[in-house]
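What follows is a single structure, written as structure tokens, with notes after it.
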Number of protein chains: 2
Amino acid sequence: MAVFDSATRPTEFAKHARDSMLTLFHHPFCPHSRFVRLSLDELSLAPRLVEERIWERRTEFLKLNPAGTTPVLLEEGMPPVPGAAIIAEYLDETHGSKLPPRQRLMPADSSARIEVRRLMSWFNDKLYEEVSGPIVMERVYKRFIPTSQGGGSPDTEVLRAARSNIKYHLAYIGWLIRGRDWLAGPSLTYADLAAAAHLSAADYLGDVPWSEDETARTWYARVKSRPAFRTLLNDTLPGLAPSASYANLDF
Amino acid sequence: MAVFDSATRPTEFAKHARDSMLTLFHHPFCPHSRFVRLSLDELSLAPRLVEERIWERRTEFLKLNPAGTTPVLLEEGMPPVPGAAIIAEYLDETHGSKLPPRQRLMPADSSARIEVRRLMSWFNDKLYEEVSGPIVMERVYKRFIPTSQGGGSPDTEVLRAARSNIKYHLAYIGWLIRGRDWLAGPSLTYADLAAAAHLSAADYLGDVPWSEDETARTWYARVKSRPAFRTLLNDTLPGLAPSASYANLDF
């Protein structure tokens, strides 16, 4: 049973026809996979999507990535590229560096690169550990993981901590945006896509208290209205409807 | 009270005189700081070392790195560079890329870069989480953290898990080295320095069961005999002597 139908939507197949050399092993709710999907779309790259449920520890998948985590990007003639940060570096070096400077998700300037990487890691590592990782594990993955392997009902204490932590992250996003056009500087970068990807997974579940920070909310509305976001907003999980604001661009 | 005297050793001051533009905020037992110290030395860069005890959450340090973690590299005219992976990328772009290909810690070829980054992350993230992070927290940091903040005696359950996990990592290192000269390919890279840095922190405490994998042991002996390793091997923690094999190149 496919949990999501994103891998087989006709629009995905149409895109796939353009760039059939890229395959992304992902999970629709994995925040790091969402980050890579946004990045690929911003770079006008359309991968074939393969849904991977990492808790099944599929042998063929472990051969691609011994760490057993999503996402993994496959490009013909290259070893598998595992993990959000490594895929971001790879995509910038092989595709992004051919774009005009303002369109690059990783700027060319050394000091700007430090800030983009710092914030990519802030969201992909720190926000994930404190917020989006626990929320997605407790509210989504545990529905599919057998109880013998730790699945089952959400741990309310873990969710309470994540829902408290998210407020500090929204405040930090608001603080950054009050001093800059985008999170890492004057143009959209991987930093914005990472933050938005992790928040989008929590937002689907209604776990982002947008009223906490108006500046963070308007920044997210800007990222969410980009064409790259459409593919994420169309994903729905059977049995778990998205929050009222999830796909609403004027939330 | 300085826990270590490495920041003020005469040899460190002599090196500092050569490259006074670099300052590294580190802790002598932080495995990621050790990785960066090895990398800097391999690149013939000698930073001024400043010992940071992150559990004190010093305001001035949090301004440099809001995440509050070591290491942080400061280079004149640049924003602070936080974290092992980001520092590695920065050093390669600003210094390593000027070296002959065989001396670079990050190769130029795309597919080789994927493998170096994959293994850097394997050791800096996965081995850290499963092995060196818990060992250093329980056996070193908890001596200095006030009991009100979680310091005190080591948690034996946590140590038991870390000491079990390390066997799988040694086996993986052995498996890689049976197919290659160095962990990520034909020459020494960041992957070797990351693995060796994390193992060196555990080795100081006698927590590396070298008899588990002879190939891993001989690989570590090779890395340990490099001049870059000397600065680490000379660090000692008052009240906690290093294991018998720690500074022995023929262990």
Nearest 20 debye, what's the magnitude of the dipole of segment A:110-232 about its Cα centre given +1 on Lys and Arg Cβ and -1 on Asp and Glu Cβ? 340 debye
Relative contact order of chain A: what whole-number percent is it, with Cα pairs under 8 angstrom and at least 6 residues apart? 21 percent
Neighbour-count ranking for A:Thr23, B:Thr156, A:Thr215 (other C-beta within 10 angstrom, fewest to most) reads B:Thr156, A:Thr215, A:Thr23
Take every Cα pair under 8 Å in segment B:110-233 that's 6+ residues apart, average their separations, divide by the length, and report that relative contact order as a whole percent. 29 percent
So for the protein assembly as shown, if I pair up every lysine 8 or more residues apart or on another chain, how many of those pairs have alpha-carbons under 26 Å apart? 26
Search the structure for amide H atoms under 5 Å from the amide H of A:Arg48, placed 1.01 Å from N in the peptide plane, and list their residues when 5 or more places away or on another chain. A:Leu22, A:Thr23, A:Leu24
Report the one residue of A:Pro31, A:Ala244, A:Ile135 whose Cα lies farthest in the direction of the positive end of the charge dipole of chain A (charges on C-beta: Lys and Arg +1, Asp and Glu -1; origin at the Cα centre). A:Ala244
Quick check on segment A:35-142: take the gyration tensor over C-alpha atoms, sort the square-rooted eigenvalues as a ≥ b ≥ c, and tell me if it's rounded (a/c under 1.5), prolate or oblate. oblate
Can you give the calculated 222 nm mean residue ellipticity of the protein assembly as shown, where each DSSP H run of n ≥ 4 adds -39,500 (n - 2.57) and the sum is split over every residue, rounded to the nearest 500 deg cm²/dmol? -12500 deg cm²/dmol
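Only the coordinates and a few stated rules stand behind these numbers; no lab work does. Predicted, not measured: the structure shown is a model, and the values here were computed from it. Cβ sites come from the backbone with ideal geometry, for glycine too, and all protein chains shown count toward neighbours.
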